[in-house]
Amino acid sequence: MVDVTKKTANEADTDVPVLRRRTSPMRFFTEVRREMSKVTWPSWKETWLTTMMVFIMVGLTMVFFALVDLALNYGEMVLIGARRIF
């Protein structure tokens, strides 16, 4: 665990680090378990719907970049004289 420092002012207006107390591994896992019980997990339907939306967006993005790649390839071929415009 990381020690946390707080800034406090004393008579000379300098920063004094205050060390945070470390917890035991058992307490850490107890706190993790308590926080995990607060998590709201998505239902199977929400998970499936979100997964399908990701696949659809990946497909649309793939088509978009394929078209951009074809257009840039064609433009490069016209630029170097390997193809004619029409």
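The values are calculated or read from the model by the stated rules, or taken from the named source; none is laboratory data. What you are looking at is a predicted structure, and each value in this text was computed from that prediction instead of being measured. Cβ: placed from backbone, ideal geometry, glycine included. Neighbour counts: every protein chain shown.
Can you tell me which residues in segment 34-71 are more than 30 Å from Arg83 (Cβ to Cβ), of a type in the set (Val, Ile, Thr) and part of a helix (DSSP H, G or I)?
Step one: of segment 34-71, the residues more than 30 Å from Arg83 (Cβ to Cβ) are 34-58.
Next, from what is left, pick out any that are of a type in the set (Val, Ile, Thr): 39-40, 47, 50-51, 54, 56, 58.
Across segment 34-71, the qualifying residues are Thr47, Thr50, Thr51, Val54, Ile56, Val58.
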Residue under evaluation Thr14, criteria (1) in contact with a helix residue (DSSP H, G or I) (Cβ under 9 Å, 6 or more places away or on another chain); (2) modelled with pLDDT under 75; (3) of a type in the set (Ser, Thr, Tyr), criterion not met: (1)
Restricting to segment 27-45, what's the tally of residues that are surrounded by 10 or more Cβ atoms within 10 Å (Cβ to Cβ) and under 20 Å from the mean Cα position of the chain (by Cα)? 1
